[in-house]
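Beneath this line is the structure, given in structure tokens, with notes to follow.
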């Protein structure tokens, strides 16, 4: 009799658990962004999170956890419960930190499960209008005339925008002063306020300011010109061959998150990034949708970690 009652209790108690698993998600999902509000990662995460929440039927709330070269927010997610309710949108810094930082409090691969790459993009070489340079060649000439005087901002020590500046100086023979901020938003605000001379900004961060003329973009850092602003040349074709830096954003979950949840999220993201309204927003920001599978995102991330390790080693870059 006791065995029968025990079996009945397991059936009764087990049914809601199975139903809850089938019903994922049933509550708010937190999307951590390891940078301050206003930068490219933040803007992209908010565009996707809003539409993803509508698709899933629960809010997807962006939580900015800036600092530590993106490691503070990333560690938060690495230690979170692997239940699908804490996610993170990472950028190039996630692939850079393992080779740049002396100590990273998590493993960039083992502590996370890839879900999907959101977009691919590039950066503007963006100057304050008062800087007397309108081309990359003029910027290089200015830097050589005034070594150690020109300031360039970044989204933080060890960030892609930091290393883009390091690579630019290495290839051009210039010497700038690096000023780190806690994200693309603060760095752009400092540039617009005249605190610094230039920033390697994500196009998604400053596209409106470039179009309005508030900031001057003298080049883009990718392999080809932007479809939205075809008159702006690449750095490579502007007198600095071999220079190329591209950006991307990938959504990750803590390692151990159930496979069915990862696949559900990946499928929804693939649909979201191709929604007409989202495509319109991406187009305005100069980014292109990806929306790939967890396996494809994981392979891409591993390759990026290997690529940036080579760049860090070649440049001799260190966190300031």
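Quick note: the coordinates plus some simple rules give every number you see, no bench work behind them. Predicted model, so just to flag it, every value in this text is computed and none were measured. Glycine gets a Cβ as well: all are built from the backbone with ideal geometry, and neighbour counts include every protein chain shown.
Just check the range 218-279 against the gyration tensor rule for me: Cα atoms, a ≥ b ≥ c as the square roots of the eigenvalues, rounded for a/c under 1.5, and otherwise prolate or oblate depending on whether a/b exceeds b/c. Judged from the Cα gyration tensor, the range 218-279 comes out oblate (a/c at least 1.5, b/c at or above a/b).
Take every Cα pair under 8 Å in the range 95-217 that's 6+ residues apart, average their separations, divide by the length, and report that relative contact order as a whole percent. Spell out each step's value before the answer.
Values: 175 pairs, mean separation 40.4, N = 123.
Value for the range 95-217: 33 percent.
Once the Cα atoms are used to define both axes, helix 136-145 deviates from the longest principal axis of the chain by about 60 degrees. Packing around the peptides 174-185, 199-210, taken as the average count of other Cβ atoms within 10 Å per residue, puts them in this order, highest first: 199-210, 174-185. For the chain, DSSP calls about 60 percent of its internal beta bridges antiparallel. In terms of its C-alpha gyration tensor, the range 122-238 comes out rounded, because the ratio a/c of the largest to the smallest axis stays below 1.5.
Each of the peptides 104-111, 73-80, 26-33, 160-167 was scored by the mean count of other Cβ atoms within 10 Å over its residues; in descending order, highest first, they stand as 160-167, 73-80, 26-33, 104-111. Per residue, the average separation of C-alpha pairs within less than 8 Å and at least 6 apart gives the chain a relative contact order of 26 percent. Sorted ascending by nearby beta carbons within 10 Å, beginning with the fewest, 103, 211 become 103, 211. Arranged from fewest to most other beta-carbon atoms within 10 Å of their beta carbon, 52, 171 become 171, 52.
Our note on the geometry: Cα centres of the range 237-294 and the range 304-320, 23 Å apart.
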